[in-house]
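The values are calculated or read from the model by the stated rules, or taken from the named source; none is laboratory data. Everything numeric in this text was worked out from a predicted model, so none of it was measured. Here the Cβ positions follow ideal geometry from the backbone for every residue, glycine too, while neighbour counts run over all protein chains shown.
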């Protein structure tokens, strides 16, 4: 239903392509990326601390359903969002407890949780399925929304989209500019070294995993209360978002700004997939819908090219100044996972 | 009480200006009062009394008492497993002693954690420095020091540079730690611990994996610190390091403190108390080289950092060639090229007269070339598998299913032949470093033409080192040639017939090990004396 609806919108947009409709389309891309941004930032925090929260896909579904159900029954959007964050935090707590305290495999536990929470969402969501519910209204910022181009693009969004912009910056500043952020990098990189510097590694890992889980959990109600409002069970079109967010975290090299670029790129490609269909009728619709995925993989290859031997050799042959510059760029592009990702820590 | 006039004046002016400039002037005042805040360490006596620690049945520390006055460089000798690390872990807060007391400056204290240890003035430099490789030096330096939400990089940077200048370390605070050598990472850790106010320093096997010039610099630094009143605990199994540095030496054996000595040290007695028996170095036996096993002909190699131009070498059956040089001077490139792991840019590699240039490692292996990398656990052995599993894999037994009986028999035989402390069912990661290296040697097939080794005895105690070399010499007698890299110049001169020195990609002509001194070798490694070398080579 929704896809069809979006498709016709896209159709209309491109047949009468004006700069205004293009702007609206791009503004839609920013809004559609908001939940992915929340999920990716949450996963980035968790993985920076050394814990892979693989349950993300199911976690988003369950919190989307839960957030919608709470908002529907209480009439409060705020409670809906809080419920979503709570569900995400709770699932993350299970991941944290089993991996940090019980020292079980994060991958195995996370995978099972991903399946369990997804099925729970479909099963428990039956009573609220298809019901019309509350929806987050857009909140044009006075003054700013009147700006040419930037106004309709950035400042006629809803609250959560604004928060997603803010979150990118806050997450980046926290991880790279503050003292606790440096320690967060430290516990995921080399927990023993963080420990001798006074960090309570396992407690911090709990904290960041749960914080990350809450952010992931917010992605759910952003869908069910805004981007794809309502709960439609298996045809909600949310299944798979979590896996994509997981790969964007990796593409993003555990860096909020890069990860955000990845999320926007993905949302843009998806929109193009729909928008280009009427322009390129020769290409089957499925090709355009699937195209974002291989394109993302290609990006990953390009981003990590600096590690290959032939590039290093080419660099060595370059004159000093250009080489320095190229090395700097490649270094900035390179994405190395936190070295202690997925491991457990014992202080002894 | 008098108020300093300039402070008052500044404040007075400040009152008359806007809030912003008021703030700026406050900052200036704060800056003035902080401008000489480098730590000055007051001396501290470290006194360990009757320390006991057991792990299961093992009495790792058995009633150890050690009183170290401030300003002493205290050496702690002992073979692997003697209890040195346990004692240092107790002192640095990693583990609690079962019984006993730690007294700092005469006051009994409990050390709760490594972070608590440094608060009380005890800093530890770990064998593999505990730092964060992908982060900048400055971030590594300031992380762990208390402070507000945003780290004060400016002050940290200024203090870092001032401290580094004090000890003549050239470290760029903006550089990344993963680009540093182990020696430089140690320097960073020492500076960090000093900044945190360390008054006693524990160094765990600090000379493993660093070059000779870096070792000299480290020793000079430690001596300077001791002269300023720093208490230093220097843990090592290397006699020559302890002799060169320490004012006192204690020897641990099987958890007990068995010897305490002051200079002049009697090396024979130290070794005897370490092992409980006399250990003697094998006499040099000159090789009787046979046919050419490996010929490197005008070999040019390169990686992203280094180039080697037209190196030539003939390795003959039965001889040992040592490759000396600072870490990253080209010796690893050369060794990897000999193993077929790195393809030369130009030139040829011939093994047993057969041209294998550009072929894969597999082809070299077929010709009887074995390569034992420095990282035993990462590249040499498979963690999680038992000794038996390793022998089965190495032997290429026929059939899909493993003949458990035969495999077990083979494992038992090799374990006793190579004196490995372990059982056929021991996983390789449960073995000590020395036993892992023995296992690697036991895995080598016979016969072999050429054995290539990186740091064959790094981190091993004297007994294991002697054992490993005895086994390697046996191989030579059977006709294998050996090429090995080592950072230990004494080892190179002791066991090599000829030596190749590497410096920034330059390769010396082969030197006769019997005619070369440690000093000469040390200079060549540091890049000195190459002109005369070139002259001699031309002359020859």
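Annotations
- In segment B:100-216, counting only helices (runs of 4 or more DSSP H) that sit wholly within it, the ones holding 3 or more residues that are touching a residue at least 40 places away in the same chain (Cβ under 8 Å), away from every other protein chain (no Cβ under 12 Å) and under 22 Å from the mean Cα position of the chain (by Cα) span B:182-195.
- Top-ranked residue in segment B:53-99 [being part of a strand (DSSP E or B), within 14 Å of another protein chain (Cβ to nearest Cβ) and crowded, with 17+ Cβ neighbours inside 10 Å; ranked as nearest to the chain's Cα centre (by Cα)]: B:60
- Checklist (1) closer than 30 Å to residue B:132 by Cα; (2) surrounded by fewer than 18 Cβ atoms within 10 Å (Cβ to Cβ) applied to residue A:92, failing item: (2)
- Breaking point among (1) out of contact with any helix residue (DSSP H, G or I) (no Cβ under 8 Å at 6 or more places or on another chain); (2) within 14 Å of chain B (Cβ to nearest Cβ), for residue A:175: (1)
- Evaluation of residue B:358 against (1) in a loop (DSSP other than H, G, I, E, B); (2) modelled with pLDDT of 90 or more (one fails), failing number: (2)
- Scan of segment A:21-46 for residues that are in contact (Cβ under 8 Å) with a residue 60 or more places away in the chain and surrounded by fewer than 24 Cβ atoms within 10 Å (Cβ to Cβ), ordered by number: A:23, A:24, A:25, A:26, A:27, A:28, A:29, A:30, A:31, A:32
- Selection status of residue B:347, over 19 Å from residue B:318 (Cβ atoms), touching a residue at least 12 places away in the same chain (Cβ under 8 Å) and loosely packed, with under 13 Cβ neighbours inside 10 Å: no
- Odd one out for residue A:346, checked against (1) surrounded by 13 or more Cβ atoms within 10 Å (Cβ to Cβ); (2) within 30 Å of residue B:113 (Cβ to Cβ): (1)
- Residue list for segment A:310-330, restricted to those being within 12 Å of another protein chain (Cβ to nearest Cβ) and exposed (fewer than 11 other Cβ atoms within 10 Å of the Cβ): A:310, A:317, A:328
Here's the yes/no breakdown for (1) more than 14 Å from chain B (Cβ to nearest Cβ); (2) part of a loop (DSSP other than H, G, I, E, B):
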{"position": "A:86", "(1), (2)": "yes, no"}
{"position": "A:111", "(1), (2)": "yes, no"}
{"position": "A:131", "(1), (2)": "yes, yes"}
{"position": "A:167", "(1), (2)": "yes, no"}
{"position": "A:171", "(1), (2)": "yes, no"}
{"position": "A:180", "(1), (2)": "no, no"}
{"position": "A:185", "(1), (2)": "no, no"}
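- Test: residue in segment B:467-489 that is at pLDDT below 85, surrounded by fewer than 21 Cβ atoms within 10 Å (Cβ to Cβ) and at positive phi: no
- Being buried (at least 22 other Cβ atoms within 10 Å of the Cβ) and at pLDDT 85 or above is a property that does not hold for residue B:448.
- As a summary of the residue check, residue B:172 satisfies the conditions (1) crowded, with 17+ Cβ neighbours inside 10 Å; (2) at pLDDT 90 or above except for the one numbered (1).
- Within segment B:287-306, being touching a helix residue (DSSP H, G or I) at 6+ places or on another chain (Cβ under 8 Å) and within 14 Å of chain A (Cβ to nearest Cβ) holds for B:301, B:302, B:303, B:304, B:305, B:306.
- Taken over segment A:307-348, the residue count meeting the criterion of being in a loop (DSSP other than H, G, I, E, B) and under 30 Å from residue A:209 (Cβ atoms) is 15.
- Qualifying residue in segment B:494-504 (condition: assigned to a loop (DSSP other than H, G, I, E, B), surrounded by 22 or more Cβ atoms within 10 Å (Cβ to Cβ) and in contact with a helix residue (DSSP H, G or I) (Cβ under 9 Å, 6 or more places away or on another chain)): yes
- Conditions (1) closer than 18 Å to residue B:367 by Cα; (2) crowded, with 16+ Cβ neighbours inside 10 Å: number failed by residue B:432: (1)
- Unmet requirement for residue B:328, which otherwise passes all of (1) within 25 Å of residue B:526 (Cα to Cα); (2) touching a helix residue (DSSP H, G or I) at 6+ places or on another chain (Cβ under 8 Å): (2)
- Looking across segment B:374-397, the residues that are farther than 12 Å from residue B:429 by Cα and within 22 Å of the chain's Cα centre (by Cα) come down to B:374, B:375, B:379.
- In segment A:152-165, the residues that are buried (at least 23 other Cβ atoms within 10 Å of the Cβ) and either facing chain B (nearest Cβ under 9 Å) or in a loop (DSSP other than H, G, I, E, B) (or both): A:157
- Considering the conditions (1) in a helix (DSSP H, G or I); (2) closer than 27 Å to residue B:254 by Cα, residue B:473 is excluded by exactly one of them, (2).
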